[in-house]
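What follows is a single structure, written as structure tokens, with notes after it.
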2 protein chains.
Amino acid sequence: MVVKVYGPAYASPKRVILCLVEKEIEFETVPVDLIKGEQRSPEYLKLQPFGELPVIQDGDFILYESRAIMRYYAEKYRSQGTELLGKTIEERGLVEQWLEVEAHNYNPAIYELTIQLLFSSKFGRPVDEKLVKESDEKLGKTLDVYEERLSKSKYLAGDFFSLADLSHIPFTHYLVGPMGRQHMIRDRKHVSAWWDDISNRPSWKKVLELCKTPFG
Amino acid sequence: MVVKVYGPAYASPKRVILCLVEKEIEFETVPVDLIKGEQRSPEYLKLQPFGELPVIQDGDFILYESRAIMRYYAEKYRSQGTELLGKTIEERGLVEQWLEVEAHNYNPAIYELTIQLLFSSKFGRPVDEKLVKESDEKLGKTLDVYEERLSKSKYLAGDFFSLADLSHIPFTHYLVGPMGRQHMIRDRKHVSAWWDDISNRPSWKKVLELCKTPFG
């Protein structure tokens with residue numbers, strides 16, 4: 001059964017697709033156009049009642065929330081493709097910790113910057129400069145903690161690539177590209193080396209080839 | 001080795017303590033006073049570099065982020081106490097989905113209400129009425145989706161109690177108590193039955209006996 005992933009143009013579904021590529025799992029994608037509001041159609045809301053991306057269909061099994069979907073496939077196909085959860089239960093604990101840090105300390109700020117700097121113009125809305133400033137500051141403080149952490153271990157959860165690192169890639173790709181904030185990564189030596197490492201994985205290059213973004 | 005949990009007075013650490021009680025794991029607590037700013041002391045920042053609660057120490061192993069800590073113990077002591085992750089890999093997937101919904105669709109609104117309605121006065125700050133209104137609306141919309149879900153299954157992830165339900169308890173206890181918003185639960189028949197079920201577990205009564213809240 002081929003996994004169907006909804007909304008491949010956007011960053012959160014790209015987390016899932018990147019995980020599937022690392023795990024060597026076959027998938028197909030189903031476009032959802034946020035600008036046209038397709039995520040609020042009755043058909044889509046039957047799959048994802050909050051009207052958010054992504055959702056997957058795997059036979060009769062439907063699952064949403066990108067990090068939940070990644071955990072499911074990383075666990076189900078543990079011995080196939082890249083091990084993404086660490087080897088021991090303590091390593092998995094640290095993967096979960098840094099995945100939560102990504103969700104609560106990193107993503108809210110970078111998501112807000114994405115909305116303000118990349119999506120506002122598409123919806124014809126003005127940019128909220130106060131929110132941009134607050135988000136830049138919050139993201140910078142989080143990256144300062146990352147810099148300290150990555151001075152001690154090659155990846156966030158330890159000396160192994162994991163879901164915790166992977167989950168940062170799609171939105172950080174916007175940050176260093178269309179958002180023009182490459183300096184936030186480059187001004188921090190260890191964060192910069194980490195970004196070079198994780199963004200040069202063949203899996204991410206494949207995702208970028210397969211799934212266009214709305215920002216070219 | 002007894003697990004040390006920091007910050008037992010507050011809601012996020014109570015998630016962890018509740019999980020430890022359900023899993024029959026011994027623990028002790030270490031007070032952290034947020035009003036006095038103890039979470040920003042150099043000693044605390046060595047354990048939790050973002051200055052947030054909770055963090056645990058288990059011998060040499062240090063872990064933060066409440067949902068990561070809960071997953072770690074629920075997995076490590078899988079066959080001890082209450083099974084909190086579901087039985088099959090698909091059930092665990094749904095536990096993860098609803099735990100993410102709690103983190104992203106439920107908690108941000110109820111956390112903001114907690115800050116505005118319960119903590120602002122302790123810090124001598126005015127209540128931001130616009131934020132309160134937005135948070136009430138957001139939480140209400142999320143609870144509407146819960147009502148639909150809980151009309152079809154007894155608990156969020158299926159017909160079994162899990163981390164997904166447990167994670168809602170400490171902040172919802174504030175909502176129906178000191179925040180005076182019991183109607184948000186009671187006006188929704190299935191949410192109301194679910195709340196009665198999960199908040200009457202002996203584990204939660206034990207947590208409330210052991211760990212006082214700053215709101216009596």
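The values are calculated or read from the model by the stated rules, or taken from the named source; none is laboratory data. All of these numbers come straight from a predicted model, not from anything done at the bench. Cβ sites come from the backbone with ideal geometry, for glycine too, and all protein chains shown count toward neighbours.
Here are some notes:
- Count - residues of the range B:173-208 that are under 22 Å from B:Val132 (Cα atoms), free of Cβ contacts under 8 Å to residues at least 24 places away in the same chain and not in a helix (DSSP H, G or I): 2
- Strands (runs of 3 or more DSSP E) fully within the range B:1-101 counting 1 or more residues that are crowded, with 20+ Cβ neighbours inside 10 Å and not charged (D, E, K, R): B:3-6, B:55-58, B:61-64
- Reported count of residues in the range B:87-139, each being over 30 Å from A:Ala74 (Cα atoms) and of a type in the set (S, T, N, Q), is 5.
- Members of the range B:138-161 found to be within 14 Å of another protein chain (Cβ to nearest Cβ) and out of contact with any Lys or Arg (no Cβ under 9 Å at 6 or more places or on another chain), listed by number: B:Lys138, B:Gly140, B:Lys141, B:Thr142, B:Val145, B:Glu148, B:Arg149, B:Lys152, B:Ser153, B:Gly158
- Among the residues of this structure, A:Ser199 does not count as one that is buried (at least 20 other Cβ atoms within 10 Å of the Cβ) and either out of contact with any strand residue (DSSP E or B) (no Cβ under 7 Å at 6 or more places or on another chain) or within 30 Å of B:Ala109 (Cβ to Cβ) (or both).
- Lone unmet requirement of (1) under 16 Å from B:Pro170 (Cα atoms); (2) touching a residue at least 24 places away in the same chain (Cβ under 8 Å); (3) out of contact with any strand residue (DSSP E or B) (no Cβ under 8 Å at 6 or more places or on another chain); (4) surrounded by 24 or more Cβ atoms within 10 Å (Cβ to Cβ) for B:Pro108: (4)
- Residue within the range A:52-61 that is at pLDDT 95 or above and within 7 Å of chain B (Cβ to nearest Cβ) present: yes
- Selection from the range A:73-101 of residues that are more than 10 Å from every other protein chain (Cβ to nearest Cβ) and among the acidic types (Asp, Glu): A:Glu83, A:Glu91
- Residue in the range A:147-154 that is among the basic types (Lys, Arg), surrounded by fewer than 20 Cβ atoms within 10 Å (Cβ to Cβ) and touching a Leu at 6+ places or on another chain (Cβ under 9 Å) present: yes
- Among the residues of the range B:12-42, those identified as β-branched (Val, Ile, Thr) and over 25 Å from B:Lys122 (Cα atoms) are B:Val21, B:Ile25.
- Residue match in the range B:41-56 (condition: in contact (Cβ under 8 Å) with a residue 24 or more places away in the chain, of a type in the set (Ser, Thr, Tyr) and touching a Pro at 6+ places or on another chain (Cβ under 9 Å)): no
- Unique match (being within 20 Å of A:Pro8 (Cβ to Cβ) and either in the same structural domain as A:Asp159 (by TED's automatic domain parsing) or within 18 Å of the chain's Cα centre (by Cα) (or both)) among A:Ile62, A:Ile110: A:Ile110
- Residues that are of a type in the set (Lys, Arg), modelled with pLDDT of 95 or more, assigned to a loop (DSSP other than H, G, I, E, B) and more than 20 Å from A:Gln48 (Cβ to Cβ) within the range B:120-162 comprise just one, B:Lys154.
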